[in-house]
1. Which one is modelled with the lowest pLDDT, of the residues in region 99-123 that are surrounded by 11 or more Cβ atoms within 10 Å (Cβ to Cβ) and small (Gly, Ala, Ser)?
2. Give region 1-25 a look and list any residue that's aliphatic (A, V, I, L, M) and closer than 22 Å to Glu98 by Cβ, or say none.
3. List every residue pair whose Cβ atoms sit under 6 Å apart, with the two residues 6 or more apart in sequence or on different chains, where the first one lies in region 107-131 and is over 15 Å from Phe19 (Cβ atoms) and the second, anywhere, is at pLDDT 85 or above.
4. So, in region 73-94, how many residues would count as being part of a loop (DSSP other than H, G, I, E, B) and within 19 Å of the chain's Cα centre (by Cα)?
5. For region 4-64, list the helices (runs of 4 or more DSSP H) that sit wholly inside it and hold at least 1 residues that are touching a strand residue (DSSP E or B) at 6+ places or on another chain (Cβ under 7 Å) and either β-branched (Val, Ile, Thr) or buried (at least 16 other Cβ atoms within 10 Å of the Cβ) (or both); which are they?
6. Scan region 6-15 for residues that are touching a residue at least 60 places away in the same chain (Cβ under 8 Å) and either among the small types (Gly, Ala, Ser) or closer than 21 Å to Ala47 by Cβ (or both) and jot them down.
7. Name the one entry in Leu64, Leu28, Leu51 that is in contact with a Gly (Cβ under 7 Å, 6 or more places away or on another chain), farther than 24 Å from Arg101 by Cβ, at pLDDT below 95 and not aromatic (Phe, Trp, Tyr).
8. Quick check on region 95-106: of everything there that is among the charged types (D, E, K, R) and over 16 Å from the mean Cα position of the chain (by Cα), which residue is nearest to Gly16 (Cα to Cα)?
Amino acid sequence: PHTLTGDFPELLEVRGEVFIRPEDFPELNEQRIAEGGKPFANPRNTAAGGLRQKNPEDVKKRKLRMICHGIGAREGFAPQTQFEAYEKLAEWGLPVSEYTRRAETAEQVQESVNYWAEHRHDAIHEMDGVV
C-alpha cells in the first residue's frame, strides 16, 4: 500500500516475497515480444529482474505483487506468534498470504504440509513447498 492504516509501529521492517501471478505471465510475455524483446524465461526470474529495473514504468509493466512473510527490526510491536504478526500486518494494510492458517497441534501442521504437497500449484504464486 502507499500508506499504512491503523496504529502501526514507528519502526517496522517487513520481509516478503515479490512474485508475478502465473496467469499474468503469458500476457507479460506477449507484451514483451510485441515490443521487440525476447520472452521472459519464467515468472520467478522475471519478478527478481523487475526489482532491479531503474525505470519505474518498466517495473509497473511486470505486475509485481508481494506477500509479507516475516518481520525484522521493529519498535513497539512484539507479536507472540507468527500468526499474530500476519494478522497485524494485514490490519495495517500489508499483503499477507490468503492461505495462512493457525496450527496448534503437530497433527494440524502435518495436515497442512500434506495439503500443500498436493496443492502447491493451485496457489496464486509459485512455491517450492512449505516452510
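1. Going through the qualifying residues, I end up with Ala123.
2. Leu4, Leu12, Val14, Val18, Ile20
3. Listed pairs, sorted by first residue: Val109/Ala103; Ser112/Ala103; Val130/Val113; Val130/Trp116.
4. So the answer is 3.
5. Output list reads 43-51.
6. Gly6, Glu13, Val14
7. Unique residue meeting the criteria: Leu64.
8. Selected residue: Arg102.
The values are calculated or read from the model by the stated rules, or taken from the named source; none is laboratory data. Because the structure is predicted, anything quoted here is derived from the model rather than measured. Backbone-built Cβ (ideal geometry, glycine too); neighbour counts: all protein chains shown.
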